[in-house]
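Step one of this worksheet: look at the structure below.
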C-alpha cells in the first residue's frame, strides 16, 4: 500500500509539479519567468497544434462513441457466438498507436489499399491522394479513422460491462409497453449507462489529448498536435522548458475536460471505480 | 381449401397473435448484419497489414495491390528484423516490459490485496488517489521525468523507461488485482486459517491458486502496456530505444516495406496476447473502468 503510494508520489505527483516548474523556469535556471510560455505561444506551430488537438478531440469522441455503442449492443444482444463477437471487437486493445498509424498509412497512402480496391472495383481511374498535405482536413479525417479503429475497443468494453449491470427486466418492461428500439435506448438504456459513459468519455478524451504516433505515421510532420510539439521541442530542439510548457498545457486541458465531464454528466461518484 | 393455403392461413394467424415477433426477427437479422460489418471494420485492416508485411520486397510497389496475395514470403519481415538496431531495440522492449511487470506487480499486487480484504483508515482516499491518476495523460510526464533522470543518471537506460511505464501500469495493477482478489471468497481463506494454515500459507495455498488465471491475464496486459508505449519511450531514450521508439524516430526516412513489416512485428505479439487473455478481458475492465 505505502510503497505504491510512494512510487506514484515520485513518478506521478512530483513530475506533474515539475512540469509546471520547468515551464516557468527562467532561461538561466534561476527564478521564474514566463519566457518558455511566451516562446511556445509565439511559435508558428502552436496555434495549429492546439487547433488540431482540440479538433481531433471533438471529432474522435462522438465517432468512437457511436461505434462502441453499436458493438456493445451487438455483444449484449446474445447472438449466436456472442463471445466471439466480443473477442473480435476487443482485439484492438492490444494495438499500439504507432502500429495503428502505420496500418492506416498502408491503406490511405497513394499506392495503398484503398486506392487499389477503388480502382479494382472500377470506381475510380486515378489514385486519390488522401494524405495530401495541401488538404489538412483530409489528413485529419484519416487520423480520426485510425484512432477510431484502435481505441474504440476500450470504450466498448466499458459500455458492455455497464450494459450487463442493467437488469434485463427494465428493457423488457419498456418493450411490453410498446417502446421502440430507439425509445428504449434513449429513455431506458442510456440514462442507466450514464456512469459508464462518463468514465468512457473522460478516458477517451485524455487519450485524444496524447495522440502522438498516429500523427507521425499518417501526417509525417505536416500536421501537428500538442504531444508532437512537446516531442519536437524536447527531442529535436533540445529545449526542455518549452517542451514542459506544452506538457503543462496538455495537463491543464485534461484537467479542464475531466472536471467538465464530472459537472455536466452527474451521477454516482463511486462508479468511477 | 388446399393444404398450402391452410398453412399460410395458420401462419397469418400465428403472426396476428404475436405482432412483435416479426419485428423482433427483423431486429435480430439487423443485429447480425451489424455484427458482421463491425467485425470486418476491425479485422480487414489487420488482414491487409499482414498481406502487406508478407509481400516480397520486389512486389511491394505493385499497383493495384491484389487483395488475395499472389506472392507470399517472409523476406520483408526478415529484412526488418535484420535492419540495424532492430534486434537491440527488440531486446530493450522485452526487458523494459519485464521490469515494468516486475515492479508494478511487486508494488501493486499487495496494495490490491489489502484494498480487497481489509477495511482500513484512508481506504477510500487511497482508492480515489489511484483512480485520479487515470484522469491525467501520464505519458506526457516523460518530459519532466527526462530532466530528473538525467540528474539521476538513468536517462537512456532500461530502468528509466521501465520506471515511467510502471507509473503508467501501477494504478491498473492495483485496481485489477484488487478486483481479482475480491472474487476469491474470504470464507475459504478463513477456513484454511482455522484448519491450521498460517496467513502466508492460506494465501499461497488457497488465494493464489484461485486468483492465478486472472493475475496472469493482468500480467500479460501490463506487459503489453509497456510493449506498446511510444511517447515516453521516445522521450526517455537516445541510443537505447525500445522498438516503438526506434520505429517512430526512423519512420520518415524508412522505406515502405520497412514500415509495414515494423507495424506487423509490433502487432503480432500484442494480438497474440490479447487472444490468450480473451476470456478475462471483460473481467479485467469491468471494475476498473479504464
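The values are calculated or read from the model by the stated rules, or taken from the named source; none is laboratory data. As the structure is a computational prediction, the values presented were derived from the model and not from experiment. Neighbour counts are summed over all protein chains in view; Cβ atoms, including those assigned to glycine, are modelled from backbone coordinates with ideal geometry.
Among the criteria (1) at the interface with chain A (Cβ under 10 Å from one of its Cβ atoms); (2) within 17 Å of residue B:94 (Cα to Cα); (3) surrounded by fewer than 19 Cβ atoms within 10 Å (Cβ to Cβ), the one residue B:239 does not fulfil is (1). Scanning region A:96-113 for residues that are more than 24 Å from the chain's Cα centre (by Cα) and more than 7 Å from every other protein chain (Cβ to nearest Cβ), we see that the one that is nearest to residue B:264 (Cα to Cα) is A:112. Residues in region B:236-269 that are closer than 22 Å to residue B:147 by Cβ, assigned to a helix (DSSP H, G or I) and more than 22 Å from the chain's Cα centre (by Cα): B:236, B:249. For region A:114-123, the criterion of being in contact with a helix residue (DSSP H, G or I) (Cβ under 7 Å, 6 or more places away or on another chain) and closer than 20 Å to residue A:140 by Cβ is satisfied by at least one residue. Set side by side, the residues A:93, A:41, A:50 differ, and just one is in a helix (DSSP H, G or I), more than 9 Å from chain B (Cβ to nearest Cβ) and buried (at least 18 other Cβ atoms within 10 Å of the Cβ), which is A:50. The single condition among (1) surrounded by 18 or more Cβ atoms within 10 Å (Cβ to Cβ); (2) within 28 Å of the chain's Cα centre (by Cα); (3) without any contact (Cβ under 8 Å) to a residue 24 or more places away in the chain that residue A:132 does not satisfy is (1).
The condition of being crowded, with 18+ Cβ neighbours inside 10 Å, at pLDDT 85 or above and closer than 20 Å to residue B:115 by Cβ holds for only one of B:177, B:204, that being B:177. Just one of the listed residues (A:245, A:208, A:227) is more than 9 Å from chain B (Cβ to nearest Cβ), under 24 Å from residue A:102 (Cβ atoms) and in a helix (DSSP H, G or I), namely A:208. Taking the criterion of being crowded, with 17+ Cβ neighbours inside 10 Å and over 24 Å from residue A:144 (Cβ atoms), would at least one residue in region A:27-36 satisfy it? So far as region A:27-36 goes, yes, one or more of its residues are crowded, with 17+ Cβ neighbours inside 10 Å and over 24 Å from residue A:144 (Cβ atoms).
Look through B:16, B:8, B:29 and report the one residue that is assigned to a helix (DSSP H, G or I), at pLDDT 80 or above and more than 7 Å from every other protein chain (Cβ to nearest Cβ).
Testing whether each residue is assigned to a helix (DSSP H, G or I), at pLDDT 80 or above and more than 7 Å from every other protein chain (Cβ to nearest Cβ) leaves just B:29.
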